[in-house]
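Just so it is clear, none of the values below were taken in a lab; they were calculated from the coordinates. Fair warning: this is a prediction, and the values are worked out from it, not measured in the lab. Glycine also receives a Cβ, built like all others from the backbone with ideal geometry; neighbour counts cover every protein chain displayed.
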Amino acid sequence: MSRFPGVDYLEFDSLLSEDERLVRDTVREFVDDMVKPIIEECHREGRTPLELVPRMAELDLFGATIDEYGLPGLGNVAYGLIMQELERGDSGLRSFVSVQSALVMYPIHTFGSQAQRDRWIPALAAGEAIGCFGLTEPDFGSNPGGMRTTARRDGAEWVLNGAKQWITNGSLADVAVVWAKTPDGVRGFLVEKGTPGFTASDQHGKFSLRASTTSELGFVNCRIPADAMLPETVGLKNALMCLNQARYGIAWGGLGAAMECYHTALEYAKERIQFSGQPIACHQLVQDKLVWMISEITKGQLLALQLGRLKDAGKVKHFHISMGKRNNVWVARECAKLAREILGANGIVDDYPVIRHMLNLESVYTYEGTHDIHALVIGERVTGIPAFNAPERPVKAARAQPVEA
Ligand SMILES: Cc1cc2nc3c(=O)[nH]c(=O)nc-3n(C[C@H](O)[C@H](O)[C@H](O)COP(=O)(O)OP(=O)(O)OC[C@H]3O[C@@H](n4cnc5c(N)ncnc54)[C@H](O)[C@@H]3O)c2cc1C
């Protein structure tokens, strides 16, 4: 298997510290040696590569920014580079690590009690426990504030009722971070696998993120102890804080998928011969596609790096992260399409990683805030006008009008 040389048009590496490069190169090697040889098969079979979990734990890829419990307390750029390299392998694998780190370990570490932290952070870091994050519901995706899942206090217990959908790692998880409405507002709860009244069943028929498990969670009079609530959660904003962590990582992750597609297309174009014995890379139309890809990847790298530096300085805002997630995942999606074109018929088979990335990126474009929802976040920032709710209009105007001949 050939080694990935990286994509660095503008001496981007010179902007990284030695430690950041070392972290990236370590994960790069892991992806080349352990992920790439098995990932197409996992995608075909529709299974999460759980055999990689122990090695990822050894490499401290779970909760890498936490600086307690023997974890490395990495800076945000190093963390982003981990996400980049993992997603170069597969968006599903990056999703696994994003969920474990940003959506499970982060809320337990930030909003949990000492007892919750002591119980779960070491186990999640070691990969001995797997976590999931349940926010989305069948009827509430972009607008999680409408959620119907409730938590009612009954003596020394909470009673959960409701459903969560599209939950990464749902049926694999030993612990689910579940967001539910209480009479005092939205709170986060830890629900353990096997709790009576709690079920998890997998979503089948996915054409995207096939190397990742996606599940529906059900809660029917599910009783959990009073101390299963994350005590420092005060509202939906805590769930959104978790999403900010994950979306930041996705801004880097998208670059990884884009780089893999670009690199594959470049190598292919230099070797594929058509017309008068020349490689297809000698045609201006093919070069134009490669130039678009490397230009956008390079701009995306600078955007992600600045987000990371702002995050390390405690200055990053959610609307900054929206731009990173929105732009870089869009770039990746476009790169995958262009790479697929360059590969011709070979672009539709899994002998090459491009079609898998192209399909995966449809999920990444939609989850963690859709492309358009992030446009609204940025739009609100620049205009001062929130445009999430459609303007009010009379009921009559909403009715379909007959089309006149
Ligand atoms: C593979 C996968 C894994 C996932 N993992 C998780 C997970 O682990 N945990 C979790 O909680 N969720 C998860 N999700 C759910 C994901 O976050 C949601 O799918 C996402 O928030 C979008 O919600 P929706 O699918 O209900 O789309 P909708 O909200 O119904 O949106 C449908 C379309 O309408 C557009 N739209 C909606 N509102 C507006 C508006 N106001 N203005 C303009 N356009 C609008 C959207 O942009 C989109 O194009 C996952 C999803 C997928 C596909």
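A few notes on this one:
- Secondary-structure-derived ellipticity at 222 nm for the chain, considering helices only, amounts to -15000 deg cm²/dmol, per-run term -39500 (n - 2.57) for DSSP H runs with n ≥ 4.
- Measuring against 22 Å, Cα to Cα, the residue pairs K164/K206; K206/K237; K237/K299; K164/K193; K36/K337; K237/K317 contain K206/K237; K237/K299 as the ones spanning a longer distance.
- Cα gyration tensor shape for region 71-210, rounded if a/c is under 1.5, else prolate or oblate: oblate
- Bridging of K270 to lysines at a Cα separation below 17 Å is possible for K289, once same-chain residues fewer than 8 apart are set aside.
- Prolate/oblate/rounded label for region 198-262 (Cα gyration tensor, a/c 1.5): oblate
- The loop-placed GluC sites (Glu not before Pro) in region 161-234, going by DSSP, that have at most 14 neighbouring Cβ atoms within 10 Å of their Cβ come out as E232.
- Degrees separating the helix 76-89 axis from the principal Cα axis of the chain, which is the longest one: 70
- Relative to the longest principal axis of the Cα atoms of the chain, helix 284-312 runs at roughly 40 degrees.
- The relative contact order of the chain comes to 17 percent, based on Cα pairs under 8 Å that sit 6 or more residues apart.
- Taking Cα atoms only, the orientation of helix 36-45 departs from the longest principal axis of the chain by about 60 degrees.
- The chain - share of DSSP beta bridges that are antiparallel (%, nearest 5): 85
- Cβ-based exposure ranking for R393, R117, R47, in which fewest neighbours within 10 Å come first: R393, R47, R117
- Here region 67-82 and region 283-340 have alpha carbon centers that stand 22 Å from each other.
- For the chain, the square roots of the Cα gyration tensor eigenvalues, ordered a ≥ b ≥ c, give a/c of at least 1.5 with a/b greater than b/c, which places it in the prolate category.
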